[in-house]
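Novice: Please read through the structure below; I'll follow up with questions.
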Amino acid sequence: MVKSVGAAGLERLELKRLTERIGRLFSLLQEAAEAQVPAIAGTWAPPVDVCETGNAICVRIELPGVSAAQIKIGLTSTKLRIYGEKKKRSARQRIVSHLCSERTYGHFNRVVPLRWTISVKDATAELDKGVLLIHLPKIKDRRGSEVRVPIADKETTD
């Protein structure tokens, strides 16, 4: 059975859809802005790849010349933060001055917003040849699904 909707009802539906689309666009733009701007002045942001599989989110971060001890990872249900410091090697005594230095040193910081429901406690990370791989297992999102609540039958005695 199809319910007929008047002109005013169609306008309300279209307005509701437009509002939802603008809200999604705004949140995507906000996430992109957060990911691009380092949180602390004087820091650099390493390049990041975020990939999704059927059961996990995989994040790859290029950190050449950085050891695992120099990296810290902060994880919440809404964002992943990778930060630390890439220390400059002490200069050799034969080098008088650098003619060109394009590598980045100092503190680094990168925030990756998470739009998926992930298992924070099951996250893993490994550093291999200058690439940090963070594996974030997804959990089934239960929002919007119906959950049955058991009812205990308690008899009253008078």
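Novice: For the pair Lys16 and Asp122, how long in nm is the line joining their label points, each one 7 Å along Cα→Cβ?
Specialist: 3.5
Novice: Give me the distance in nm between label points sitting 7 Å out from Cα along the Cα-to-Cβ direction at Leu29 and Ala68, one decimal.
Specialist: In this crude label model, Leu29 to Ala68 measures out at 4.2 nm.
Novice: Which of Arg103, Arg81 has the fewest other C-beta atoms within 10 Å, and how do the rest follow up to the most?
Specialist: The most exposed by this proxy come first: Arg103, Arg81.
Novice: Most exposed first by the Cβ proxy, i.e. fewest other Cβ within 10 Å, how do Cys100, Cys51, Cys58 rank?
Specialist: So the residues, fewest neighbours to most, are Cys100, Cys51, Cys58.
Novice: Determine the sum of side-chain charges near Tyr105: Lys and Arg each +1, Asp and Glu each -1, restricted to other residues whose C-beta is under 14 angstrom from that of Tyr105.
Specialist: Neighbourhood net charge equals +3.
Novice: First select every other residue whose beta carbon is under 13 angstrom from the beta carbon of Lys86; then total the charges, Lys and Arg +1, Asp and Glu -1.
Specialist: Value of the local net charge: +4.
Here, each number is a calculation from the coordinates, and none is a lab measurement. Nothing here was measured: the structure is a model prediction, and the numbers come from that model. Ideal geometry is used to build each Cβ from the backbone, glycine not excepted, and the neighbour counts take in all protein chains shown.
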